[in-house]
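Notes for the one structure printed next.
What follows is calculated from the coordinates using simple rules that are stated; it is not laboratory data. Fair warning: this is a prediction, and the values are worked out from it, not measured in the lab.
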Amino acid sequence: MHPVPTRTVVAFGVVTALVMLSLLRLARGLLARSTVETGEARARGAHRIVLAGDVLAVLLVAAAVVRNNVLGQSLTHDALSAVIMGATGLLLVQGAGELGIRARVGSHLRTELDRGNLAAALAAAAHYVSVGLLASHAASRRRARHRKARRRPVGGVARAGREVRPGTRQ
């Protein structure tokens, strides 16, 4: 397969990131997760920290989608692959992120964020980033399909094209 031109990868990266961030904004507006627009500056800061973790998670998924799904076969194939895997990654980040936070702190997170608890905000943001890392690997079609199985020789470790038996020197 021929290498993908850099302009194509950059174009797909920018478009994928912008579309995924727009969908994130739409999802956050529909879910009304951060309803504190006016109020204490500390509460707004806590909500912004969680939003920053959410945005970073989405950008991690967007980078993985472009890196592993834009193969240079055809524009339509690459676009369709990026859309499918990007949507899957975004759903994984939002779904698993919400479920993980609800499992850990229940409904208390919103209350803590409204009070301006920066530790709770940092924990939620870190959770979203970790879910984003996991989702970026899950949304990588190419990585799962093209992975070569590495086999170790029985009783030894392969090094530089030859087998080294345990207990022997090179």
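Between L26 and S130, what length in nm is gained on full extension when 0.36 nm per residue of separation is reduced by their alpha carbon distance?
Roughly 35.3 nm would be gained on extension.
Once the piece of chain linking L56 and H108 is laid out straight, how much longer is it, given 0.36 nm per residue of separation minus the C-alpha distance between them?
16.4 nm
Just the projected area, averaged over all directions, of the convex hull on the alpha carbon atoms of the stretch 46-137: how many nm²?
5.5 nm²
Residue separation times 0.36 nm, minus the C-alpha to C-alpha distance between A11 and H77: what's the value?
Numbers: separation 66, 0.36 × 66 = 23.76 nm, distance 1.49 nm.
So the chain would gain 22.3 nm between A11 and H77.
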